[in-house]
1. Just to be sure before I move on: is Thr128 free of Cβ contacts under 8 Å to residues at least 60 places away in the same chain, hydroxyl-bearing (Ser, Thr, Tyr) and closer than 28 Å to Cys32 by Cβ in the structure I sent?
2. Across the range 43-58, what is the number of residues that are surrounded by 12 or more Cβ atoms within 10 Å (Cβ to Cβ) and modelled with pLDDT under 85?
3. When both residues are 6+ apart or on different chains and their Cβ atoms are under 6 Å apart, which pairs have a first residue that lies in the range 59-87 and is in contact (Cβ under 8 Å) with a residue 40 or more places away in the chain and surrounded by 12 or more Cβ atoms within 10 Å (Cβ to Cβ), and a second that is assigned to a strand (DSSP E or B) and of a type in the set (Phe, Trp, Tyr)?
4. Select from the range 74-114 the residues that are under 10 Å from the mean Cα position of the chain (by Cα), under 14 Å from Tyr37 (Cβ atoms) and either assigned to a loop (DSSP other than H, G, I, E, B) or among the β-branched types (Val, Ile, Thr) (or both) and list them in ascending order.
Amino acid sequence: MNKKAKLLGLLTVLTVLVFGLPAQLAPVKLCCVAGDYRGSHIADNGPNCPVPKSETFSMSMKQGVRCTAAVWGTITDVAGVVQDFTGTLTPGIRGCCVINGKFGAPGHVTTFTGTFCQHLGKWQAKGTSAEAYSGSGCKHTGTWEMKQN
């Protein structure tokens, strides 16, 4: 290797050490959000829908090894009804992450999106949901929030 190539290699290594990896090469960091949560959901009043009510729920969230983008788990409503959910995390701003998920059965599916951020060492999330009943024309939307136990 000639002197120029060695110097260029050394300069590249020093640049990375001093300034970090360029954004396109830096590893994407996802939030490690697995755990148990308690939350509340408030539905808006949509046409052709049952009267909405504020409900509490608990969520048990699992995540792949090394905090992968895939998340899944269960949501239990105040009546004790348990539903499985699946979702995906993407990096957000300021160390937060965005979740997109869904649960339910064909004909009655709820999708949700929200943002997880850490506060005092615990994860908190808030977002929106859309619940659709096929055949009835009902489409509830709403807001939710939850905190890690």
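The values are calculated or read from the model by the stated rules, or taken from the named source; none is laboratory data. Given the structure is predicted, the values throughout are model-derived calculations rather than measurements. Because the Cβ atoms are built from the backbone with ideal geometry, glycine has one as well, and the counts that use them run over all protein chains shown.
1. Considered against the rule, which asks whether it is free of Cβ contacts under 8 Å to residues at least 60 places away in the same chain, hydroxyl-bearing (Ser, Thr, Tyr) and closer than 28 Å to Cys32 by Cβ, Thr128 comes out as yes.
2. Summing the residues that are surrounded by 12 or more Cβ atoms within 10 Å (Cβ to Cβ) and modelled with pLDDT under 85 in the range 43-58 gives 4.
3. Listed pairs, sorted by first residue: Met59/Tyr37.
4. If the condition is that a residue be under 10 Å from the mean Cα position of the chain (by Cα), under 14 Å from Tyr37 (Cβ atoms) and either assigned to a loop (DSSP other than H, G, I, E, B) or among the β-branched types (Val, Ile, Thr) (or both), then Ile99 is the only one that fits.
Conditions (1) on the phi > 0 side of the Ramachandran plot; (2) polar (S, T, N, Q); (3) at pLDDT 95 or above, marked per residue:
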position: Gln63; (1), (2), (3): no, yes, yes
position: Gly80; (1), (2), (3): yes, no, yes
position: Arg94; (1), (2), (3): yes, no, no
position: Thr115; (1), (2), (3): no, yes, yes
position: Thr128; (1), (2), (3): no, yes, yes
